[in-house]
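Just below is one structure, and these are the notes that go with it.
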Amino acid sequence: MTTHIPPPPPPPQAAPIPSPTPPPPTVSPTAPPGAFLVELIIFNGAPFKDHWAYWVHSPDSPNLGVQVHAAGDVYNGFKREARRSLDLRSTTPAPTKRIPLQWVEGRFFDERAMLNAGSFCDHYAPVTHFEIAGEDVECG
C-alpha cells in the first residue's frame, strides 16, 4: 500500500514594497527679506491615516501661525479650515513632523489677518492671497 503525500504548499509571497517617500525639498534656513515659510505639518492619525496640513508661521515665532487643512469627516464632508493664531506648543496632538516646503514672498500674506490680530479662531474664509490660491484646488 502506498501513501499519497500531498505536495508542499507554495512559497510565501513577498510582502508588497511600499512606494518610496519622496525626499523633502531643500529649503534655505535663511528667509529672503519679507518672505514667509510654508511648511507641511503631519499629525499621527493612529489608528487611521496621518493628518496633513499647511503651516505658515509668524516671522517672530515659528510656533505661532495658521494651520490650513481639510476639516471634517467622511460622513459629514470636508471643508477647508484655517486655524488662526494657533500655538503648536499647546496643540494636542502635537505635529509629529514639520517639513519646510518653500519660502513665499510676503506680498501673498497679510500677517495681521492671517493671525486674526493675535486671537485664536477656526475660520473658513480665506484672508490672504496664499489662502485664496488654495481655494482653487479641488478637494477629493
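Quick look at the numbers
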{"quantity": "Test result for Ala70, surrounded by 12 or more Cβ atoms within 10 Å (Cβ to Cβ), touching a Leu at 6+ places or on another chain (Cβ under 8 Å), touching a residue at least 40 places away in the same chain (Cβ under 8 Å) and under 24 Å from Ala113 (Cα atoms)", "calculated": "no"}
{"quantity": "Single residue of the stretch 1-31 satisfying the filter (over 18 Å from Asn63 (Cβ atoms) and either small (Gly, Ala, Ser) or touching a helix residue (DSSP H, G or I) at 6+ places or on another chain (Cβ under 9 Å) (or both)) that is surrounded by the most Cβ atoms within 10 Å (Cβ to Cβ)", "calculated": "Ser28"}
{"quantity": "Asp122 being within 17 Å of Ile132 (Cα to Cα), acidic (Asp, Glu), surrounded by 14 or more Cβ atoms within 10 Å (Cβ to Cβ) and out of contact with any Gly (no Cβ under 9 Å at 6 or more places or on another chain)", "calculated": "no"}
{"quantity": "Those residues of the stretch 71-118 which are assigned to a loop (DSSP other than H, G, I, E, B), touching a strand residue (DSSP E or B) at 6+ places or on another chain (Cβ under 6 Å) and at pLDDT 90 or above, in sequence order", "calculated": "Pro95, Thr96, Phe109, Leu115"}
{"quantity": "Lone qualifier among Pro59, Pro32 - being in contact with a strand residue (DSSP E or B) (Cβ under 8 Å, 6 or more places away or on another chain), modelled with pLDDT of 95 or more and either over 18 Å from Ile99 (Cβ atoms) or of a type outside the set (A, V, I, L, M, F, W, C) (or both)", "calculated": "Pro32"}
{"quantity": "Sole residue being in contact with a helix residue (DSSP H, G or I) (Cβ under 7 Å, 6 or more places away or on another chain), modelled with pLDDT of 90 or more and β-branched (Val, Ile, Thr), chosen from Val66, Val38", "calculated": "Val66"}
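The values are calculated or read from the model by the stated rules, or taken from the named source; none is laboratory data. Just so it is clear, the structure is predicted and the values come from calculations on it, not from any experiment. Because the Cβ atoms are built from the backbone with ideal geometry, glycine has one as well, and the counts that use them run over all protein chains shown.
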